[in-house]
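Right, one structure below, let's go through it.
The values are calculated or read from the model by the stated rules, or taken from the named source; none is laboratory data. This one's a predicted model, so the numbers in the text were calculated from it and none came from an experiment. Here the Cβ positions follow ideal geometry from the backbone for every residue, glycine too, while neighbour counts run over all protein chains shown. Areas reflect the complete protein model, heavy atoms only, side chains present, ligands, DNA and RNA absent. Shrake-Rupley method; radii C 1.70, N 1.55, O 1.52, S 1.80 Å.
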Amino acid sequence: TIPFGNFGVTGSWTKSDSLVSDRNTAAGVSDRKNNNIAWDAAVNGKFGKLGIIAGYKNIGRNFAAAGAWDKIGRWTNPVAVQGPYVDISYPIARKLRLALNGEFLSMMDDVRGIRPTGARNLGWGAEDDTITYAQAGVQWGISRTNSLDLGYQWIQYSPDTAALDEAVESYITVGWAHQ
């Protein structure tokens, strides 16, 4: 993060090279050494106690870094998505914080073979399909190293064609964070 008074700028760029051949061995198999970049850029600001982050993310179709970089409903490590997001946080009490998150993503390629598991219609995952993700929760800082989170997540998958149905997921989440 690069600070500018009450504001800051954050960014990350990552490339993943997997251990695959430079040649395509089957028709329809994409070259894994292309579209293997993920980047995220954001501006953050503090307005009294209110914290706001506004950013944009782009995760290539063949990005395959180890670990878990994101989760949208049941879709862990989403790929071929891009779009803006916003995070808002506000302390309600000394150890209690309200957190809101929204993401407005679109598919960058046709990824029907790697679509999110929550998209019920088999045709979902085409280029320009959209995902709207909203999350609201409270975080209770029990101690400096432990917190308890309670949240609600809502995800809507909207295909770019009227021939397919929208799919919606919603979750109530409880989490424990130890740092």
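For ASP165, the solvent-accessible surface computed with a 1.4 Å probe is close to 110 Å², ligands and nucleic acids excluded. The HN-Hα couplings worked out from phi for the range 95-109 by the Karplus form 6.51 cos²θ - 1.76 cosθ + 1.60 (θ = phi - 60°) are 10, 10, 10, 8, 10, 10, 9, x, 10, 10, 9, 10, 6, 8, 9 Hz, whole numbers, x standing for Gly and Pro.
Simple spin-label estimate for LEU150 and ASP128 gives 4.4 nm between the two label positions (7 Å along the Cα-to-Cβ direction from each Cα).
Once you list every other residue whose beta carbon is under 15 Å from the beta carbon of ALA177, what net charge do they have if Lys and Arg are +1 and Asp and Glu are -1?
Working: positive: LYS71, LYS95, ARG97, ARG144; negative: ASP149.
Here the count lands on +3.
In straight Cα distance, which lysines are under 26 Å from LYS15, not counting same-chain residues fewer than 8 positions off? List returned: LYS33, LYS57, LYS71. Remark: the range 74-83, residue by residue, has Karplus-estimated 3J(HN,Hα) of 8, 8, 8, 6, x, 10, 6, 10, 8, x Hz, where x stands for each Gly or Pro and the curve is 6.51 cos²θ - 1.76 cosθ + 1.60 at θ = phi - 60°. Segment ILE142..ILE52, full-extension length gain: 30.1 nm, with 0.36 nm per residue of separation and the alpha-carbon distance subtracted.
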